[in-house]
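The values are calculated or read from the model by the stated rules, or taken from the named source; none is laboratory data. Source: prediction; values computed, not measured. As a convention, Cβ positions derive from the backbone with ideal geometry for all residues, glycine included, and neighbour counts pool all protein chains shown. Heavy atoms of the whole protein, side chains included, go into the accessibility calculation; ligands, DNA and RNA do not. Shrake-Rupley method; radii C 1.70, N 1.55, O 1.52, S 1.80 Å.
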Amino acid sequence: MLSGKRAFKGPAKLAVPLTAFLATLALLLGVPAAGAFAADGVEDKSFIVGTDTTFAPFEFRQDGELVGIDMDLMNAIAEEEGFGVEIQSLGFDAALQSLQSNQVDGVIAGMSITDERRKVFDFSDPYFESGIQMAVAENNDDVKGYEDLRGKRVAVKTGTEGQTFAESIKGKYGFEVVAFAQSAQMYDDVKAGGSVAVFDDYPVLAYGVKSGNGLKTVTEKEAGSSYGFAVNKGTNAELLAAFNEGLAELKASGEYQEILDTYLEAGAADSSFWALVTDNAPAFAKGLGLTLLATALSLFFALILGVFFGFLKVGNYKVLRGIATIYVSIFRGTPVLVQAFFFYFGLPQIIDRPVDVLTAGVLTLSLNAGAYMTEIVRGGIQSVDPGQMEAARSLGLGYVKTMQKVIIPQAIKIMTPSFINQFVITLKDTSLLAVIGFAELTYQGQQVYAVNFRTAEVLLIVAALYFIVITALTKLADVLDKRFNK
């Protein structure tokens, strides 16, 4: 989302002539003024800022829009300082990796300022003082403190202050720590009995309890770190200065406290299953559309790759067969998830330019599906009786004509069921792209249950949508197969 400059108001009106005077004086003396540097550095520019996907009340989806304390603060500061901001909801780990690979200019995701992170990132002034709290399932009366955790398992969110705190006391109290990517996942693990407790930031836990996440807090708040906006170390100093300046303005005007009060006192509204479907229908529709788009583009390029490398594999040139074999071995021999991480986080560092998430996703699925289609094409051609080739050549047909008129038509009939199967696999594999922030159907489902904590119902809706679409498209493919290959 983009924000324009907002008109100055209240005490800020006095800052305009004062800043101009100081800037002029500084120029005359040859010394740049800090405030003038920030305003001149970012005004009318636009920055990409990464954030978490599910960290209510700091960032979450409401009526399809990304809202929360972090989002409101970032947009208000951008408006105050006159720069544009495009938010990319990636997930906490993915946002940090995107920042390090220069895919985004900064990250605001309820991130604690720690000495270890200071070695990699430059942080803004603290914008929220957090703290850690422990919660258990609301029907659990056995665990009332840390001493009751001995021999048991507790859930934390990867890379958070909660994980750091749990790791620091696990030896003393004798429990095991297991990390999850999202708050909703660790809450569900506690409710399902996999873990007996969860450590999380106190405002996040408080919001979840008010929203009916099935937990209750059982300890007092532990002192925690401060949250800060981060940029890569030594870069975007003007953005950091503008953030600090805007934050100070919001605190002085009272708008900062209004934003906090709006979210810290709220919880997700309860609703029926039908309301859950209808209220989130736009998000599910958007996710389904992106799923089909990524599938269609990926299959198009995968088919080209599969036919090209498939013919190389049945050809007579050893070097070309070797190239095709290496391609197939690499993309069949590595997990799709690793490939997605490489194309989104690794490739930009190699080519020194950003790669958008749709391009990275389509690259991943195309190359992966192309490897399998190569083997489908090879297998289909080699399944045709060799006598067919010999008979056609004995009648005087050349190699190309023989392939075109005799071998390929028969091979296509053999390959069609495998192609349809690969189509279904690729469509389902789009769900893996949620880990790099591609807003397909599974990603949208995660956004929804991260707010209302109704994981089972949301996943049932997502699964039903996949089932309906895959069944319909499979039936269509079968009809086309019977029509063209009868």
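Quick look at the numbers
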| quantity | calculated |
| --- | --- |
| J(HN,Hα) series, the stretch 441-452, from Karplus relation 6.51 cos²θ - 1.76 cosθ + 1.60, nearest Hz, glycine and proline x | 4, 5, 4, 5, x, 4, 4, 6, 6, 5, 8, 9 |
| In degrees, nearest ten, helix 318-332 long axis to first principal axis of the chain (Cα) | 40 degrees |
| Across 313/413; 45/428; 157/191; 318/405; 157/221; 45/157, pairs whose alpha-carbon gap is larger than 27 Å | 45/428; 45/157 |
| Å² per residue, accessible surface of the stretch 245-341 at 1.4 Å | 56 Å² |
| The stretch 268-309 and the stretch 113-159: distance between their alpha carbon centers, rounded to Å | 34 Å |
| Range in the chain, longest, excluding exposed chymotrypsin sites (Phe, Trp or Tyr not before Pro) [loop by DSSP; at most 15 other beta-carbon atoms within 10 Å] | 9-316 |
| Per-selection Kirkwood Rh - the stretch 91-248 (Cα, Å, 1 d.p.) | 16.5 Å |
| Cα-based helix-to-principal-axis angle, 255-264 vs the chain, degrees rounded to 10 | 60 degrees |
| Contact order relative to length of the stretch 356-428, as percent, for alpha carbon pairs under 8 angstrom and 6 or more apart | 42 percent |
| Per-q log10 I(q)/I(0), the chain, q = 0.06 Å⁻¹ (Debye; single scatterer per alpha-carbon; no solvent) | -0.38 |
| For the chain, the longest site-free run once GluC sites (Glu not before Pro) in DSSP loop states with at most 16 other Cβ atoms within 10 Å are removed | 266-486 |
| Distance in nm between pseudo-label sites at residue 475 and residue 296 (7 Å out along the Cβ direction from Cα) | 2.0 nm |
| Long-range amide H partners of residue 105 with built H, under 5 Å | 48, 49, 50 |
| Computed lengthening from residue 178 to residue 65, 0.36 nm per intervening residue step minus Cα-Cα distance | 37.6 nm |
| Mean Cα-pair separation over length for the chain, i.e. relative contact order, pairs under 8 Å, 6 or more apart, % | 18 percent |
| Sites residue 319 and residue 222, calculated FRET efficiency, Cβ-Cβ separation with R0 56 Å, nearest 0.05 | 0.30 |
| With Cα atoms, 0 to 90° folded angle of helix 12-29 axis to the chain main axis | 90 degrees |
| The stretch 338-485, relative contact order [Cα under 8 Å, separation at least 6], % | 22 percent |
| Alpha carbon Rg of the stretch 289-442, scaled by the compact-globule rule 2.2 N^0.38 Å | 1.20 |
| Inter-label distance, nm, simple model (7 Å from Cα along the C-beta direction), residue 337/residue 258 | 4.4 nm |
| Using a Förster distance of 30 Å, the FRET efficiency for residue 358-residue 115 (Cβ separation, nearest 0.05) | 0.20 |
| Accessible area of the stretch 127-279 belonging to carbon and sulfur atoms, whole % at 1.4 Å probe | 49 percent |
